[in-house]
Amino acid sequence: MSHAPVVPVLTIDGPSGSGKGTISALVAERLGWRLLDSGALYRAVGYAAGAAGLDLSDVEAMTRCAQGTRIQFRAAGDGGATRVVVNGHDATDELRTETAGAAASAIASMPPVREALVALQLGFRKAPGLVADGRDMGTVIFPDAAYKVFLTASAAERAKRRYKQLKEKGLSVTLAGLQREIEARDSRDASRAVAPLKPAEDAVLVDTTGMGIDEVVAKVLAVVRS
Ligand code: DC
């Protein structure tokens, strides 16, 4: 009897602003593996719910929305960031806003919403391998992953990074306000009953405070190559 080879998975979990998105994309590119940006799924559902004028605190409505939202990732033609298409609309820019992040965090605390997104996430596991970026990739979605990393950075450092990104986009934000938002979201994500943000027991912890992108990428690649 032949068994299909197991597709290797590298999970990269951690709080927002730990650099997960950037690092996951670079590592996936270096390995030639696929990428799952699971946060984008929660953001997309929150965005679709908002666009439809639904009540974000209504668990049943949010669950139906998670089940019914069509989410597609499309490579940008110019080699730029992957586009996220939600129900046929390119919502890439809207999904990166703080409003979308807050909506995502709210609906991500609802167990049936998380359940509705499981099969979609498992479907990303295809040869030659998958880099899965999120909060519960190593603990809930891919507990059997061969490689697990948990990225952290101090809240002050994460606020600074986010501040720089948003300023570059010309948005008006304050550093103190961002740090407060980051701390509030961290505690919501870490204290929720379902899939709380915590490192898998077998994850390698990498604190990226004061580290450059190349250095973090090298550390994560070393986990896969070790
Ligand atoms: O990684 P991100 O900032 O795009 O995630 C947005 C929100 O979605 C965040 O508040 C936590 C939630 N999320 C989650 O609960 N589980 C995941 N696997 C990914 C994101």
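Annotation note: Cβ proximity below 7 Å between a residue of the stretch 178-193 that is over 12 Å from S105 (Cβ atoms) and a residue that is within 12 Å of the ligand (Cβ to nearest atom) and open to solvent by less than 50 Å² (accessible area, probe 1.4 Å) (sequence gap 6+ or interchain) occurs for L178/R162. If you go through the stretch 32-50 and pick out every residue that is away from the ligand (no atom under 16 Å from the Cβ) and closer than 14 Å to A102 by Cα, you end up with 0. Can you name every residue in the stretch 148-181 that is β-branched (V, I, T) and surrounded by 16 or more Cβ atoms within 10 Å (Cβ to Cβ)? Once the filter is applied, which keeps residues that are β-branched (V, I, T) and surrounded by 16 or more Cβ atoms within 10 Å (Cβ to Cβ), the stretch 148-181 yields V149, T152, V173. With respect to S109, is the statement that it is part of a loop (DSSP other than H, G, I, E, B) and within 12 Å of the ligand (Cβ to nearest atom) true? Considered against the rule, which asks whether it is part of a loop (DSSP other than H, G, I, E, B) and within 12 Å of the ligand (Cβ to nearest atom), S109 comes out as yes.
Assess whether L221 counts as being surrounded by 13 or more Cβ atoms within 10 Å (Cβ to Cβ) and in contact with a strand residue (DSSP E or B) (Cβ under 6 Å, 6 or more places away or on another chain).
Working: surrounded by 13 or more Cβ atoms within 10 Å (Cβ to Cβ): yes; in contact with a strand residue (DSSP E or B) (Cβ under 6 Å, 6 or more places away or on another chain): no.
Taking the combined requirement at face value, the residue does not satisfy it.
Among the residues of the stretch 123-171, which ones are of a type in the set (A, V, I, L, M) and either in contact with a Gly (Cβ under 6 Å, 6 or more places away or on another chain) or under 14 Å from V9 (Cα atoms) (or both)? A127, L130, V131, A132, M137, V140, I141, A145, A146, V149, L151, listed by residue number.
The set of residues in the stretch 51-102 being within 16 Å of the ligand (Cβ to nearest atom), assigned to a loop (DSSP other than H, G, I, E, B) and at pLDDT 95 or above consists of L56, S57, T69, A91. Taken over the stretch 112-147, the criterion of being more than 11 Å from the ligand (Cβ to nearest atom), outside any loop (DSSP other than H, G, I, E, B) and open to solvent by 20 Å² or more (accessible area, probe 1.4 Å) is satisfied by P112, E115, A116, A119, L120, L122, Y147.
For the stretch 162-214, the candidate set comprises residues that are assigned to a helix (DSSP H, G or I) and among the small types (G, A, S); within that set, the residue that is farthest from the ligand (Cβ to nearest atom) is A176. Applying the criterion of being over 19 Å from the mean Cα position of the chain (by Cα) and under 18 Å from G134 (Cα atoms) to the residues of the stretch 194-218, the residue that is surrounded by the fewest Cβ atoms within 10 Å (Cβ to Cβ) is E201. crowded, with 17+ Cβ neighbours inside 10 Å, under 15 Å from the mean Cα position of the chain (by Cα) and in a helix (DSSP H, G or I): is that true of A48 in this structure? Taking the combined requirement at face value, the residue does not satisfy it.
Scanning the stretch 14-28 for residues that are open to solvent by less than 10 Å² (accessible area, probe 1.4 Å) and either modelled with pLDDT of 95 or more or more than 10 Å from the ligand (Cβ to nearest atom) (or both) turns up I23, S24, V27, A28.
With S109, S154, S105 as the choices, which residue is touching a residue at least 40 places away in the same chain (Cβ under 8 Å) and over 16 Å from the mean Cα position of the chain (by Cα)? Give the derivation first.
On the way: S109 fails: over 16 Å from the mean Cα position of the chain (by Cα); S105 fails: over 16 Å from the mean Cα position of the chain (by Cα).
Exactly one of S109, S154, S105 is touching a residue at least 40 places away in the same chain (Cβ under 8 Å) and over 16 Å from the mean Cα position of the chain (by Cα), namely S154.
Apart from one condition, V85 fits all of (1) within 21 Å of T209 (Cβ to Cβ); (2) out of contact with any helix residue (DSSP H, G or I) (no Cβ under 7 Å at 6 or more places or on another chain); (3) touching a residue at least 12 places away in the same chain (Cβ under 8 Å); the exception is (1).
The values are calculated or read from the model by the stated rules, or taken from the named source; none is laboratory data. Because the structure is predicted, anything quoted here is derived from the model rather than measured. All Cβ positions, even for glycine, are placed from backbone atoms using ideal geometry, and neighbour counts span all protein chains on display. For the accessible areas, the whole protein counts, side chains as well, though only heavy atoms, and no ligand, DNA or RNA atoms are used. Shrake-Rupley method; radii C 1.70, N 1.55, O 1.52, S 1.80 Å.
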